[in-house]
Structure formats: structure tokens, C-alpha cells
1. In whole Hz, with x marking every Gly and Pro, tabulate ³J(HN,Hα) for the range 65-82 from phi via Karplus 6.51 cos²θ - 1.76 cosθ + 1.60, θ = phi - 60°.
2. Assuming R0 = 25 Å, can you tell me the calculated FRET efficiency for the pair A60 and E26, based on Cβ-Cβ distance, to the nearest 0.05?
3. When we measure straight from the Cα of K36, which lysines land under 22 angstrom away, once same-chain ones fewer than 8 places off are left out?
4. Rounded to the nearest 20 Debye, what is the dipole magnitude of the range 30-101 about its Cα centre when Lys and Arg each give +1 and Asp and Glu each give -1 at the C-beta?
5. Note down the Stokes-Einstein diffusion coefficient of the chain in µm²/s, whole number, using a Kirkwood radius over alpha carbon pairs, 20 °C, and 1.002 mPa s.
6. Can you put W75, W95 in order of Cβ neighbours within 10 angstrom, beginning with the fewest?
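None of the figures in this text is laboratory data; all of them are computed from the coordinates on show. This is a predicted model, so every value here is computed, not measured. Please note: Cβ atoms are built from the backbone with ideal geometry, for glycine as well, and neighbour counts cover all protein chains shown.
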Amino acid sequence: MARLDKQQRKKLLREAKLKAMEDAAEALPLSNTQFKALFDMLDERLPIDGCDHTRRLTIAHIRSAGLPETETLEWLAENGGYCDCEVLANSEEAWEACKQYNTTT
């Protein structure tokens, strides 16, 4: 088998990265609008309430908005969101990385 040249390898790498981002976006349990509302709420409430090392605020928001709780909490945990402040820091960063590929609004 012939070795790929540098441009061909770069193209294949770009295509693989794009596919990975599309797959990650497809796995998002919420729309971009729903994620934004969650992160905005945490951004507003955490300075007031502080983080008690639980996802108390996150769960309350998910329930009040009628969002899919199990799927959302699993996705947040898979992306470093084990408490409210980590949801805001880590999970929001993961969402930001793939939100442009999320086709649900």
C-alpha cells in the first residue's frame, strides 16, 4: 500500500476530527438553547448560592424546565460536571466545543 502524502494525511485528520465533533454534537441531550439557559442560570446563581459540591442547582433547573434528567446528568458527568461549579466550568466548555455542530436549537 502506498504511503499517503502530507496533504492527504492532513485531509484525513481534518475529516476524522469533524466526524468526532459531529458525533459529539449528536450525543448532546439538550438543544443549544437549553444548554445556554442552564449555564446562564448557573452563572447567575453560583456567585450568590456558592457551590455545595453537589449538582443541586443543576438538578433543580433540569426539573423545573422539564428536561431529560438522567441523560443530561450523565452527559454532564461524562464531561466533568460532578457539581454545579464543575458543570459551569467543564461541561460548558465541552458544549462550547461542539455546539456549532448541534443541529437542534
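1. Running phi through 6.51 cos²θ - 1.76 cosθ + 1.60 with θ = phi - 60° gives 8, x, 8, x, 5, 4, 4, 5, 5, 5, 4, 4, 5, 4, 10, x, x, 9 Hz.
2. Between A60 and E26 the formula returns 0.35.
3. Hits, sequence-local ones excluded: K99.
4. 180
5. Approximately 143 µm²/s, per Stokes-Einstein.
6. On the way: W75 19, W95 24.
Lowest to highest Cβ neighbour count: W75, W95.
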